[in-house]
Amino acid sequence: MENKKKSKFLGLIVCLVILAVAVPLGIFTNVFSLQDMGNIMIDASLILKVIIMVASVIAIETLIVVILGLPKPKSHRIRSVLSIFSSLLKYVAGIIILCWGLAIIGVNVSTIVASVGIVALIVGFSAESLIADVVTGAFMIFENQYNVGDIVEVDGFRGTVSNIGIRTTSITDAGDNVKIINNSAMRNILNRSDKPSRSIADISIPYGTDIEKLEEQIPDLMQSIYEKRTDIMKKPPQYLGVQALADSAVVLRFLVEVNEKDVFSGVRVLNHDLLLGFRKLGVECPFPQVDVHTN
């Protein structure tokens, strides 16, 4: 988010610097001489007005976006509304620049808008996916399906909703990978925001293990693992019980609550510590083996 703000400011500054150099240079070198474009006469004053208008609209749009980004609301709903509004501002700024620019150089915008109706209808059919993205995005916001800051899972990709735009939604996973999905493709969403983030680990033990004795030792093992991993684990890991009776081993399942960014690293850490912990308890994790009998 900070990088986006910096790039926006940098782009605006570069644009203004270029204009500050180009406009006086063009005037002094008579580049902005009168040009006949059909019935439209464009001179230096009109071009300068357009330049000032474009710079002003961009500056206002940038300022509003920055102001909207200053508060850090805890409510995911409010963050979603601000995100949508910031996205909408870009489209509004573009439309204003186009219409106002044409009006400045003497084009009758209302006549163009009226005559473009049929063309817009034709283009609308070819832009069906674009319309679907916008409409779907609006319905998702109104129905409160998900908001900025929610933890969601879409088609196997799990992450935190970092931005909701008019057309797309950005989801950032625990590895800071950002997936941008068209709003119309946001189907079968699993919203896990109301549930804690958890890492689950399965570990195998031999069938000959005294499970009752092992289960008496597990609570102390869980506490010792938690004390070493408080930077990742929110609570001591939980022993859920026997998950499966596999071909060569009994599979035990463990669960631990972690921060969303540690969902995957939590699994690796839990597997590592369970393996070492079980070895200290005299329980070795078995490997797959096949018994062959011959006559």
**Subset of segment 229-248 that is basic (Lys, Arg) and more than 14 Å from residue 273 (Cα to Cα) - its residue that is surrounded by the fewest Cβ atoms within 10 Å (Cβ to Cβ)** = 235
**Whichever residue in segment 209-228 is polar (S, T, N, Q) and in contact (Cβ under 8 Å) with a residue 24 or more places away in the chain and, among such residues, is farthest from residue 273 (Cα to Cα)** = 209
**Message:** If the requirement is being in contact with a Phe, Trp or Tyr (Cβ under 8 Å, 6 or more places away or on another chain), of a type in the set (S, T, N, Q) and over 30 Å from residue 136 (Cβ atoms), which of these qualifies: 223, 238?
**Reply:** 238
**Fill in**
Residue hits (segment 258-275; more than 12 Å from residue 203 (Cα to Cα), touching a helix residue (DSSP H, G or I) at 6+ places or on another chain (Cβ under 9 Å) and either of a type in the set (A, V, I, L, M) or not in a helix (DSSP H, G or I) (or both)) are 258, 259, 269
**Asked** residue 255 passes all but one of (1) touching a Leu at 6+ places or on another chain (Cβ under 9 Å); (2) at pLDDT below 90; which number fails?
**Response** (2)
**Asked** Give me the pairs: first residue in segment 192-208 and surrounded by 15 or more Cβ atoms within 10 Å (Cβ to Cβ), second residue among the β-branched types (Val, Ile, Thr) and outside any strand (DSSP E or B), beta-carbon distance under 6 Å, and six or more apart or on different chains, which are they?
**Response** 197/263; 199/263; 199/267; 201/267; 205/283
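The values are calculated or read from the model by the stated rules, or taken from the named source; none is laboratory data. Just so you know, these numbers come straight off a predicted model, no measurement behind them. Reconstructed Cβ throughout: ideal geometry from the backbone, glycine too, with neighbour counts over all protein chains shown.
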